[in-house]
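Below is one structure; the comments refer to it alone.
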Amino acid sequence: MDAETHLHDVQDLQRRTELKWRDSGVAIVVLVIASNHHNRRVLHEHRPALASTFPYDSGLTLRALRTGMAPAGNGIIIL
């Protein structure tokens, strides 16, 4: 799991996350993003680019976690 409080360079975020994911050996990465207007706007603008690394949105990711299961793939949660 990784967390971001203020999104600014989405490409850098994606690169850093993919490196951590590769080097850690974990199966699933969940990115937790602080819920604020700025972050929601950035996510909305860059969602297509992030989809290759994080195919699951908050709803799908949270539904899986609520059932006690890991999401089927990497996801983003906005809290």
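A few remarks follow.
- Long-range neighbours under 8 Å by Cβ, at least six apart or interchain, first residue among the acidic types (Asp, Glu) within the stretch 1-26, second part of a loop (DSSP other than H, G, I, E, B) and modelled with pLDDT under 90: none
- The stretch 61-71 - residue that is under 18 Å from THR17 (Cβ atoms) and touching a strand residue (DSSP E or B) at 6+ places or on another chain (Cβ under 7 Å) and, of those, surrounded by the most Cβ atoms within 10 Å (Cβ to Cβ): THR61
- Scanning the stretch 35-60 for residues that are hydroxyl-bearing (Ser, Thr, Tyr), buried (at least 17 other Cβ atoms within 10 Å of the Cβ) and in contact (Cβ under 8 Å) with a residue 24 or more places away in the chain yields a single hit, THR53.
- Considering residues of the stretch 9-34 that are closer than 17 Å to TYR56 by Cβ and not β-branched (Val, Ile, Thr) only, the residue surrounded by the fewest Cβ atoms within 10 Å (Cβ to Cβ): ALA27
The values are calculated or read from the model by the stated rules, or taken from the named source; none is laboratory data. What you see is a predicted model, and the numbers here were worked out from it, not measured in a lab. Note: ideal-geometry Cβ built from the backbone for every residue, glycine included; neighbour counts use all protein chains shown.
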